[in-house]
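Take a look at the structure set out below.
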Amino acid sequence: MKSDLTKILETKLIREPDVFYFKLDAPAIARKAKPGQFVIIRLNEQGERIPLSLADINPDEGTISLIVMAVGKTTAEFVELKTGDEISDVCGPLGQPTHIEKLGKVIVSGGGFGVAPLFPIARAFKAAGNEVVCVMGARSADLLIYEDEMQTVCDRVLVTTDDGSKGTKGVVTVALEEELKKGDTDLVICVGPAIMMKFVAFTTKNYNVKTMVSLNPIMVDGSGMCGACRVSVGGETKFACTDGPEFDGHQVDWDLLMSRQQMYLSEEKESFEAWKARHAHLLETS
Amino acid sequence: MAEERKRRKLIPNRTPIPEQDPKKRGSNFKEVSLGYTTEQALEEAERCIRCAKPQCVKGCPVGVQIGDFIELVQEKNFQGAIDKIKETNILPAVCGRVCPQEDQCEKLCVVGKKFEPVAIGRLERFVADWERDHGQKTKPKVAKSTGKTVAIVGSGPAGVTAASDLAQMGHKVTVFEALHEPGGVLLYGIPEFRLPKSIVAEEIACLTDLGVDIQTNAVVGKLMTVDELMEDFDAVFIGSGAGLPNFMGIDGENLNGVYSANEFLTRTNLMKAYDFPKFDTPIKVGDRVAVVGGGNVAMDSVRTALRLGAEEAIIVYRRSDAELPARAEEVHHAHEEAIRFELLTSPTKVIGEDGWVKAIECVRMELGEPDDSGRRRPVPIKGSEFQIPVNVVVMSIGTGANPLVPQSTKNLDLNKWGYIVADEETGRTSREGVYAGGDIVTGSATVILAMGAGRKAAGDIHRYLMGEPEPEVETAAEVKNQP
Ligand SMILES: Cc1cc2nc3c(=O)[nH]c(=O)nc-3n(C[C@H](O)[C@H](O)[C@H](O)COP(=O)(O)OP(=O)(O)OC[C@H]3O[C@@H](n4cnc5c(N)ncnc54)[C@H](O)[C@@H]3O)c2cc1C
Ligand SMILES: Cc1cc2nc3c(=O)[nH]c(=O)nc-3n(C[C@H](O)[C@H](O)[C@H](O)COP(=O)(O)OP(=O)(O)OC[C@H]3O[C@@H](n4cnc5c(N)ncnc54)[C@H](O)[C@@H]3O)c2cc1C
Ligand code: SF4
Ligand code: SF4
Ligand code: FES
């Protein structure tokens, strides 16, 4: 009965040792998806459903791209997949697309794998006639991803590294603040780890610049049926999968988000350890 | 033969159904009710007096020819009996297990006037299970292709029934389902111990046998809209259910450890979290679990919590025993499994520590004057607040209409709660060629009512597609549009 396996057309390692690029054959999703949306994937019959942002959408080619960072069992299993392999379930596009309009100057700011989903967002803002500035950060130069891609769709790309091995030394908010000081920013969009988004939102608040953040709580169905993804924005409970994932960063209850992300820490560890043990055994015997 | 039976003395009590021992079953997910043996089924079937004007049929939303099938059971023609049921009900193994028979077919059974009614549901289950174990599945007849196409949104009982009927009438049917497996609530909601998922899968496989194409991972309103479906298909039926979970809006409801019943049951049933880490999806197994609510969903959640390993699983319900909306059988099973009931009790807040649930604060209630629903309204007793220490809370206080489909469809009339307005007899909505039925129209109801709605809509869709004359009915849309 399952006829809707999704084929992997291309994979590449984009950052040692754990961040990979995947291009999937998903014409129906590619036709419909917009920047800012995500998919939910399930690798196999035993698999968990996990959300992944769209790092690129190509309707003509009928493909979507994902950037996956191996942080636990499912993502570690995912990044081992090769070109030609198939994924049991890919569901999407989900969530509300980023609201794209001509505003003037838009800053897209990202950290970690978050820079990847910013790529189609930046491209769309550019196409809508905005000046687009990318502010991206990482701990060190070798951890930066998507810098070249961003160069192709942004007017300027500002890089920060914690250790100063590339660009400005310091965290993203340092470079961001320099841009904000110019006083001409109309919108900031930020995708990255919760803690980074929190500090970006704190920074922009001082300059009174509207800031949209892409929240990443734990999800199950991704279509508003379970409520696992509830977040608090402006004192109201919202479902990130259907109301978001983008929300006004100045209204988000960050502590709640970060607390809820930890809900299954011990189970995740157990599952990952069990997988690694099985895996080591497989590698040995093969 | 029927005459002779009528003269015989009636057996007052129904044949009991064997069940798993309550002490053992609290720690496994196997089915609680084991079903009749052939001897027990024959014994129970004998209690039916084959009424000339059977009342029982009137209580069945899909009109199963109850007397006829029971007579075939009496004659030991089990294949004949199941074929008879399948003329009107494509999910007999499901309905025999989960229909609230006491409010439907069995409520009207003539024998029930003086004695216990004939156990129609148990007999229905028996023949359905018999077919699975012994019978040759008879393939339903499919009419010659009409060349017409129909899209069905959602693969719950409403969608599945509509799809099956339309396919048998010769239309090309495609079902679009948001989740990765078809079945709706039968799959993600109702637990394994009441309805084994292998049965749901088998009954749904009948659809594929009929040539129905099931597209999973297809969220209508996101991957495509109903308007887009109308460009590719001749008609659309919406059976997307009432899957939006309600929360109470009390303090602490977003703490770690607080679930909606939908999430708790989906993780367990659909994602098989009870078999973690073999299956990847985790669930918090609380030592002490409070389930807020008193319906079937609450009973399913609390009994699931027990099976996942809770030491104490507690129902917190604001009215009294008499008002519990769950089926009597489910409440009885819960009592047998030593579920604790805190009745006339309402949560006021969830108390946390370091982001995790620690207790639930409740207030005692008393019943006051009857409200609009005719039930006595629970009123809090001042100063009666107390805490129940728990580490998992499951909110099971009902569901609403998921807005994805209604809001992405142009000119579709909705009622004030966001459910789709559709004619009860035909399923027609305010849009020509767009039909709806099941929980997305009525709000959360029952499996068999959803199936009934799917069947009625299929009938009218067929008429619409074949250009047959309209029967004399006013559609909801016409009624609404009248000045
Ligand atoms: C809208 C959204 C978009 C995302 N986009 C990307 C992306 O483009 N690339 C990427 O690498 N990651 C992305 N993530 C994060 C990704 O979903 C998690 O890394 C993944 O679920 C981890 O699963 P795991 O089994 O590998 O690790 P685990 O060890 O199970 O989890 C590691 C952490 O990931 C989070 N997590 C776990 N399960 C889920 C779940 N079912 N849903 C959401 N978060 C979960 C938890 O905070 C957890 O502590 C996104 C998350 C969201 C909500
Ligand atoms: C835990 C629980 C226990 C219950 N117990 C009983 C019982 O014992 N007896 C009884 O008679 N009834 C019971 N019910 C009620 C019964 O299950 C429902 O009334 C019935 O399933 C409704 O059928 P439906 O087809 O309208 O919707 P559903 O069964 O809800 O199916 C709707 C389907 O549509 C899909 N869908 C939703 N949105 C979209 C979209 N945008 N695109 C594509 N697909 C979509 C959903 O994923 C789902 O598969 C119970 C319900 C629950 C939750
Ligand atoms: S389908 Fe349900 S209501 Fe109808 S006869 Fe069977 S058990 Fe009774
Ligand atoms: S009403 Fe009762 S006794 Fe009469 S036919 Fe129906 S099931 Fe049999
Ligand atoms: S993930 Fe289930 S409601 Fe958002």
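The values are calculated or read from the model by the stated rules, or taken from the named source; none is laboratory data. Values in this document were obtained by computation on a predicted structure and should not be read as measured data. Quick reminder, even Gly has a Cβ in these numbers, built from the backbone with ideal geometry, and neighbours come from all protein chains shown. For accessibility, only protein heavy atoms count, side chains too; no ligands or nucleic acids. Shrake-Rupley method; radii C 1.70, N 1.55, O 1.52, S 1.80 Å.
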Excluding ligands and nucleic acids, what accessible area in Å² is computed for B:ILE283 using a 1.4 Å probe, to the nearest 10?
10
Rough spin-label spacing in nm, given labels placed 7 Å along Cα→Cβ, for B:ALA143 and B:ASP372
4.2
Send over a whole-number figure in Å² for the accessible area per residue of the stretch B:11-164, probe 1.4 Å.
44
Can you work out the base-10 log of I(q)/I(0) for the stretch A:141-276 at q = 0.11, 0.18 1/Å, using the Debye formula on its C-alpha atoms alone?
-0.51, -1.11
Where does the stretch B:259-346 land on Rg(C-alpha)/(2.2 N^0.38 Å)?
1.07
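What's the total accessible area buried between chains A and B, using a 1.4 Å probe, rounded to the nearest 100 Å²?
Details: alone 13760 and 22070 Å², together 31970 Å².
Buried area (both sides, nearest 100 Å²): 3900 Å².
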Ignoring the sites themselves, what is the longest stretch of chain A with no trypsin sites (Lys or Arg not before Pro) in a DSSP loop and at most 10 other beta-carbon atoms within 10 Å?
A:183-286
Would you give the gap between the C-alpha center of the stretch B:105-153 and the C-alpha center of the stretch B:268-300, rounded to a whole Å?
30
Please compute, for peptide A:41-52, the average count of beta-carbon atoms on other protein chains lying within 10 Å of each residue's beta-carbon.
4
Which one, A:GLY164, A:GLY111, A:GLY95, has the greatest fluctuation when you compute a Gaussian network model over chain A with C-alpha springs under 10 angstrom?
A:GLY164
Quick P(r) readout (the stretch B:155-297; Cα-Cα; 5 Å bins; whole %) gives 2, 8, 16, 19, 17, 14, 11, 7, 4, 2, 0
Here the FRET efficiency for A:ARG139 versus B:ILE250, based on Cβ atoms and R0 = 41 Å and rounded to 0.05, is 0.50
Return, ordered by residue number, the residues of the stretch B:155-173 whose backbone nitrogen is under 13 Å from a label point located 7 Å along Cα→Cβ of B:ASP232.
B:173
Using modelled backbone amide H atoms (1.01 Å from N, in-plane), which distant-in-sequence or interchain residues come within less than 5 Å of B:GLY352's amide H?
B:LYS358
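Report relative contact order for the stretch B:228-325 in percent, whole number only (criteria: Cα-Cα under 8 Å, sequence separation at least 6).
19
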Inside 10 Å of the C-beta atoms of A:224-236, what's the mean count of C-beta atoms belonging to other chains?
5
If you place +1 on the Cβ of every Lys and Arg, -1 on the Cβ of every Asp and Glu, and leave all else neutral, what size is the dipole of the stretch A:150-286 about its Cα centre, to the nearest 20 Debye?
160
Using amide H atoms built in the peptide plane, which far-off residues or other-chain residues are under 5 Å from B:LYS222 H to H?
none
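Please state the relative contact order of chain A as a whole percent: Cα pairs under 8 Å, 6+ residues apart?
15
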Globularity index of the stretch A:1-54, i.e. its alpha-carbon radius of gyration over 2.2 N^0.38 Å
1.26
By how many degrees, between 0 and 90 and to the nearest 10, does the Cα long axis of helix A:172-181 differ from the longest principal axis of chain A?
30
DSSP H helices in chain B with Cα extent of 15 Å or more along the helix axis and mean Kyte-Doolittle hydropathy at least -1.0?
B:120-133, B:157-168, B:197-209, B:296-308, B:447-466
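Mind pulling up the Rg/Rh value for the stretch B:87-183? Radius of gyration and Kirkwood radius, both on Cα. Before the final figure, lay out the partial values.
Details: Rg = 16.7 Å, Rh = 15.6 Å.
That ratio is 1.07, to two decimals.
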Output the Kirkwood hydrodynamic radius of the stretch A:146-185, Cα pairs only, in Å rounded to one decimal.
11.0
Compactness of chain A, expressed as Rg and Dmax over alpha-carbon positions, Å:
18.7, 62
Treating the stretch A:24-154 as a set of equal point scatterers at the Cα positions, no solvent, please give the Debye-formula log₁₀ I(q)/I(0) at q = 0.21 Å⁻¹.
-1.30
For chain B, what relative contact order do you get, as a whole percent, if you take Cα pairs closer than 8 Å and at least 6 residues apart?
15
Whole-percent carbon and sulfur share, accessible surface of the stretch B:1-143, 1.4 Å
53
Chain A: longest stretch without exposed GluC sites (Glu not before Pro) (DSSP loop, at most 15 other Cβ within 10 Å), sites themselves excluded?
A:102-286
Evaluate Rg over Rh across the stretch B:317-387, taking Cα atoms for both radii and Kirkwood's formula for Rh.
1.05
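Viscosity 0.890 mPa s, temperature 25 °C: Stokes-Einstein D of the protein assembly as shown from its Kirkwood Cα radius, in µm² per second?
Estimated via Stokes-Einstein, D reaches 87 µm²/s.
Tell me the mean residue ellipticity at 222 nm calculated for chain A from its helices only (DSSP H runs of n ≥ 4, each -39500 (n - 2.57), averaged over every residue, nearest 500). Present the calculation step by step, with values, prior to reporting the outcome.
Working: 9 runs with 88 residues, N = 286.
The helix contribution divided over chain A gives -9000 deg cm²/dmol.
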Evaluate the Debye formula for the stretch A:193-273 with equal point scatterers sitting on the alpha carbons, no solvent, and hand back log10 of I(q)/I(0) at q = 0.12, 0.15, 0.18, 0.23 Å⁻¹, in q order, two decimals.
-0.36, -0.55, -0.74, -1.06
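Pairwise over distinct Cα atoms, reciprocal of the mean inverse distance: report the Kirkwood radius of the stretch B:39-137 in Å, one decimal place. Walk me through the numbers before you get to the answer.
Numbers: mean 1/r = 0.0767 Å⁻¹.
For the stretch B:39-137, the Kirkwood estimate is 13.0 Å.
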Amide H to amide H under 5 Å from B:ILE152: which residues, 5+ apart in sequence or cross-chain, H placed 1.01 Å off N in plane?
B:THR174, B:VAL175, B:PHE176, B:PHE237
What are the semi-axes of the equivalent ellipsoid of chain B, taken as the square roots of 5 times the eigenvalues of the Cα gyration tensor, listed largest first and rounded to whole Å?
36, 31, 22
Per-residue Cβ counts within 10 Å, from other chains only, averaged over A:87-95: what number is that?
4
To the nearest 500 deg cm²/dmol, what mean residue ellipticity at 222 nm is calculated for chain B from DSSP H runs of n ≥ 4 alone, each contributing -39,500 (n - 2.57), summed and divided by the residues?
-9500 deg cm²/dmol
